[in-house]
Every structure is written in structure tokens, then in C-alpha cells.
Amino acid sequence: MEDRRLIRAALQARERAYSPYSHFQVGAALLAEDGRIFTGCNIENAAYSVTNCAERTAFFKAVSEGVYDFQGIAIVGGAGGQEPSGLCPPCGVCRQVMMEFCIPDRFRILLGRSEEDYQVFTLAQLLPMGFGPDDLAKAAAAESVHL
Ligand code: THU
């Protein structure tokens, strides 16, 4: 039931996509550990590379509100003005942002076409052997041993 609610929030967020260049609309709903939901849509720019994906919009909204712990995210996307016909996997940059804040084998990524039709992955599945904060911490610990 919680999954369906999260996908519904992502579908609603998708309606606010600002995508005049690609006409591809993405919505995301990020579930914090405390149960709050932060939504996001893709926000494009005439200077194309400045575009922000829906997932990062949701993460940056949460982090800027002081929220750093997350359970999962629902993502929906597809051609504008239509129901999503396929799944919308997060881009590599967004997977890396997830790696910063989430526990890879616990964080759930719901890729949906609708509330009833979705697949669930972990971040570890979508970003195997990802580089994250723990890798820096391990390197710093090893360095202190050699001092
Ligand atoms: N996009 C997202 O918002 N999330 C993804 O996971 C994939 C791509 C957006 C970026 C751009 O506005 C449009 O979809 C086409 O790439």
C-alpha cells in the first residue's frame, strides 16, 4: 500500500515536469525514514546540460530541508501528455546522488508505469560496487594507520 502511495505521488509530481526541449516528463517521490515524502520533477534549461532530473530535484529538496535518511524512491517517466508506457530507470548521475545518502542494499527504487504496475530494485542492484562516503572514510582510516 505504501508503494502505491509513493507511486501516486510520483505520478502527480510528473505533471509539473518542465520539459519544453525533450517533452519527456519524469516524476519522483522520495520516502524519508521519518515517513515524509519529497517529490520532484525534471526541470530543463535552454542550456541543456543544466537540466535537473526529477530524482535529484526530490533529493535536493529533502537535503535542503535537513533530511538525510531515506527508505526509497518511486520514479515514473515517459513522453509528455501520455501515461508512462515503459519504466524510467534513473540516470547515472542520480544513482550517484542516491549513493551519497542511502544504504545501497536497503534503499528501494520503484520504477513504475502505474500504481499497479511497477518493479522494485535496490540501489546495490542498479549501482553495483558504487563509490560512496564509506570509501573515503576507509581511505582516511588507512592513511591514519600509516602516520
Ligand atoms: N530525466 C529524469 O528526470 N530522470 C531520469 O531518470 C532520466 C531522465 C529527464 C532529464 C531530461 O529532462 C529528460 O528526462 C530527458 O532526458
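With the requirement that a residue be basic (Lys, Arg) and out of contact with any Ser or Thr (no Cβ under 9 Å at 6 or more places or on another chain), what does segment 71-125 give you? I'd like the intermediate steps shown before the answer.
Keep residues of segment 71-125 that are basic (Lys, Arg), which gives 95, 106, 108, 113.
Matches in segment 71-125: ARG95 only.
Which one is least open to solvent (accessible area, probe 1.4 Å), of the residues in segment 44-86 that are among the acidic types (Asp, Glu) and more than 10 Å from the ligand (Cβ to nearest atom)? Give the derivation first.
In the first step, residues of segment 44-86 are kept if they are among the acidic types (Asp, Glu); the result is 44, 55, 65, 69, 83.
Now drop any that are not more than 10 Å from the ligand (Cβ to nearest atom), which leaves 65, 69, 83.
Details: GLU65: 119, ASP69: 95, GLU83: 145 Å².
Going through the qualifying residues, I end up with ASP69.
For segment 44-60, enumerate the residues that are over 11 Å from the mean Cα position of the chain (by Cα) and part of a loop (DSSP other than H, G, I, E, B).
Applying the first criterion (over 11 Å from the mean Cα position of the chain (by Cα)) to segment 44-60 yields 44-52.
Listed by number, the residues that qualify are GLU44, ASN45, ALA46, ALA47, THR51.
Scanning segment 131-147 for residues that are surrounded by fewer than 17 Cβ atoms within 10 Å (Cβ to Cβ) and in contact with a helix residue (DSSP H, G or I) (Cβ under 8 Å, 6 or more places away or on another chain), which turns out nearest to ILE75 (Cα to Cα)?
Residues of segment 131-147 that are surrounded by fewer than 17 Cβ atoms within 10 Å (Cβ to Cβ), as a first pass: 131, 133-147.
Narrowing the set further to residues that are in contact with a helix residue (DSSP H, G or I) (Cβ under 8 Å, 6 or more places away or on another chain) leaves 131, 133.
Details: PHE131: 22, PRO133: 24 Å.
Ranking the candidates gives PHE131 first.
Every residue in segment 83-134 that is within 12 Å of ILE7 (Cα to Cα) and of a type in the set (Ser, Thr, Tyr), please.
Correct list: SER114, TYR118.
Tally the residues that are part of a helix (DSSP H, G or I) and surrounded by fewer than 23 Cβ atoms within 10 Å (Cβ to Cβ), restricting the search to segment 1-43.
If we filter segment 1-43 for residues that are part of a helix (DSSP H, G or I), which is where we start, we get 2-14.
Filter once more, keeping what is surrounded by fewer than 23 Cβ atoms within 10 Å (Cβ to Cβ): 2-5, 8-9, 11-12.
Residues meeting the conditions: 8.
When GLY81 is evaluated against the numbered criteria (1) touching a Lys or Arg at 6+ places or on another chain (Cβ under 8 Å); (2) of a type outside the set (A, V, I, L, M, F, W, C); (3) assigned to a loop (DSSP other than H, G, I, E, B), which criterion, by number, is the only one it fails?
(1)
Considering only residues that are assigned to a loop (DSSP other than H, G, I, E, B) and crowded, with 17+ Cβ neighbours inside 10 Å, which ones fall in segment 87-114?
Within segment 87-114, the subset assigned to a loop (DSSP other than H, G, I, E, B) is 87-91, 102-107, 113-114.
Within segment 87-114, LEU87, CYS88, PRO90, CYS102, PRO104, PHE107, ARG113 qualify.
The values are calculated or read from the model by the stated rules, or taken from the named source; none is laboratory data. Just so it is clear, the structure is predicted and the values come from calculations on it, not from any experiment. We place every Cβ from the backbone using ideal geometry, glycine too, and count neighbours over all the protein chains shown. Note: accessible area is taken over every heavy atom of the protein model, side chains too, but ligands, DNA and RNA are not part of it. Shrake-Rupley method; radii C 1.70, N 1.55, O 1.52, S 1.80 Å.
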